[in-house]
Amino acid sequence: MSAQIFLASTNAGKRAEFAALLATHGLELGAKIEYPDVEENAVDYLGNARLKAEALHRELRRRGIPAVVIADDSGIEVDALAGAPGVRSARYGGIELSWSQRRALMLDDLAAVPDALRTARFQCVLVGIDEAGNEYRGLGETRGRIARGERGDGGFGYDPLFVPEGERRTYAEMSAEEKSETSHRARALHALIAAMRR
Ligand code: IMP
């Protein structure tokens with residue numbers, strides 16, 4: 001596997017996490033490459049991750065850059081919401097909502113749910129495509145619960161609401177290194193790299 005890996009994402013939070021995670025595996029995150037927009041309309045994380053990975057792989061081929069690409073699709077599944085928002089996590093409540101509005105909506109939707117039933121999990125599916133066009137996968141899951149209010153100002157997305165199992169702090173109250181010790185993304189990347197190096 002080449003040392004430089006291109007990520008099919010413009011999400012600054014994800015890119016920062018991947019750069020740090022890849023470095024722990026001795027790999028480097030390649031520059032952000034613009035590629036034609038893909039509509040993330042697959043029914044599951046794997047389908048969406050594959051759409052993004054294939055689009056970036058095609059673009060790099062077009063530019064004559066042989067490289068490994070990875071794409072992640074992830075989401076949060078809340079038991080009291082019957083597993084929602086899941087694959088629609090980035091669009092929960094509508095695309096027009098700001099992230100603080102989206103988190104406020106989740107807190108509102110869970111207002112009547114007692115602590116014991118506020119269980120949730122982050123899921124991450126990674127698709128990697130190597131220089132030869134072979135596809136690999138890595139899956140990661142982290143269980144936890146949804147806090148009663150927003151806490152912390154680190155991370156991104158649902159981090160201020162999510163308390164991983166065995167912790168009292170939300171991901172947004174932790175350093176990036178601490179989050180990576182249990183994060184769904186770190187676990188998925190670990191699995192993907194193991195599959196690609198096998
Ligand atoms: P994607 O970019 O289509 O994969 O959207 C996934 C969405 O899930 C993100 O926009 C976030 O809302 C949420 N999400 C995934 N991973 C995390 C995380 O590590 N922290 C907080 N929110 C996350």
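The values are calculated or read from the model by the stated rules, or taken from the named source; none is laboratory data. This one's a predicted model, so the numbers in the text were calculated from it and none came from an experiment. When we count neighbours, we look across all protein chains shown, and the Cβ atoms used for this are built from the backbone with ideal geometry, even at glycine. Keep in mind that these areas ignore ligands, DNA and RNA; they rest on the heavy atoms of the full protein, side chains included. Shrake-Rupley method; radii C 1.70, N 1.55, O 1.52, S 1.80 Å.
Structure values in brief
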| item | result |
| --- | --- |
| For the chain: relative contact order, % (alpha-carbon pairs under 8 angstrom, 6 or more apart) | 19 percent |
| Choice from 163, 127, 38 with maximal GNM fluctuation in the chain (Cα, 10 Å cutoff) | 38 |
| The chain, accessible surface, carbon-and-sulfur percent (1.4 angstrom probe) | 50 percent |
| Helix-only [θ]222 nm of the chain, DSSP H runs n ≥ 4, -39500 (n - 2.57) each, per residue, nearest 500 | -10000 deg cm²/dmol |
| Separation of alpha-carbon centers, region 15-58 and region 79-111, rounded to whole Å | 23 Å |
| FRET efficiency estimate (nearest 0.05) - Cβ-Cβ, residue 111 to residue 194, R0 30 angstrom | 0.15 |
| Inter-site label distance for residue 177 and residue 153 at 7 Å from Cα along Cβ, in nm | 2.2 nm |
| Radius ratio Rg over Rh of region 98-190, counting only Cα atoms, Kirkwood formula for Rh | 1.06 |
| Point-charge dipole on Cβ atoms (K/R +1, D/E -1) for the chain, about Cα centre, debye to 20 | 240 debye |
| Local net charge near residue 152, Cβ-Cβ under 10 Å (Lys/Arg +1, Asp/Glu -1) | -2 |
| Paired Rg and Dmax values of the chain, which use every Cα atom, in angstrom | 16.9, 55 |
| Paramagnetic label zone (point 7 Å from Cα along Cα-to-C-beta, residue 42; backbone N under 16 Å) in region 136-151 | 136-140 |
| Listed residues 169, 61, 187, most fluctuating in the chain (Gaussian network, C-alpha, under 10 Å) | 61 |
| Most positive-pole-ward Cα, 9, 65, 30, against dipole of region 4-197 from beta carbon charges | 65 |
